[in-house]
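Reading through the structure tokens given below for one structure.
The values are calculated or read from the model by the stated rules, or taken from the named source; none is laboratory data. Remember, it's a predicted structure, so these values are computed and weren't measured experimentally. Note that each Cβ is placed from the backbone with ideal geometry, even for glycine, and that neighbours are counted across all protein chains shown.
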Amino acid sequence: MKSILLLMGPNLNMLGEREPDIYGSDTINEHVETATKFAEEFGFDLIHFQSNIEGELVDEIQKARGKHSGIIINPGALTHYGWSIHDALVTFDGVIIEMHLSNPNQRESWRHTSVVAPVAHGSIIGFGIHGYELSVRALHKIIGNNAK
């Protein structure tokens, strides 16, 4: 079975508690269940990893090489300055989808720049928990168009 690595960065473990007016009231477990449901519909196994530590996210990206078909990544605030994540993603040979629950472009100006976007196949932002379905669909479509 093909697999997707779902990476979540700092503070996403607080989903459901942290700023529900921005991120919604669903917990991280509910987010992972939603992502898993859509991944399975497209024949993917979903592996989830969340960390508040940048280096641990980099380690997971490096381990994903040759193992996962794609990465769906929400690096949290590291989106805007996590150059080590950018550099690790450059080495990944699968599909990369950047996904954010909120729309960073509607928020503080420091959130308007993503260091992940230049190395991602695409970005899905602002659709809340529905972003997982969109991300999996996009990843599936890209893989289908680039089958080896």
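For this structure, a couple of remarks:
- For ASP59: the one exception among (1) farther than 25 Å from GLU30 by Cβ; (2) of a type in the set (D, E, K, R); (3) outside any helix (DSSP H, G or I): (3)
- The set of residues in region 17-55 being more than 16 Å from GLY131 (Cα to Cα), over 13 Å from the mean Cα position of the chain (by Cα) and outside any helix (DSSP H, G or I) consists of GLU17, ARG18, GLU19, GLY43, PHE44, ASP45, ASN52, ILE53.
- Residue that is surrounded by the fewest Cβ atoms within 10 Å (Cβ to Cβ), among those in region 93-140 that are small (Gly, Ala, Ser) and part of a loop (DSSP other than H, G, I, E, B): GLY126
- Residues being modelled with pLDDT of 95 or more and touching a Lys or Arg at 6+ places or on another chain (Cβ under 9 Å) - total across region 13-38: 1
- In region 39-92, the qualifying residues are those that are at pLDDT below 95 and aliphatic (A, V, I, L, M), and the one that is surrounded by the fewest Cβ atoms within 10 Å (Cβ to Cβ) is ALA77.
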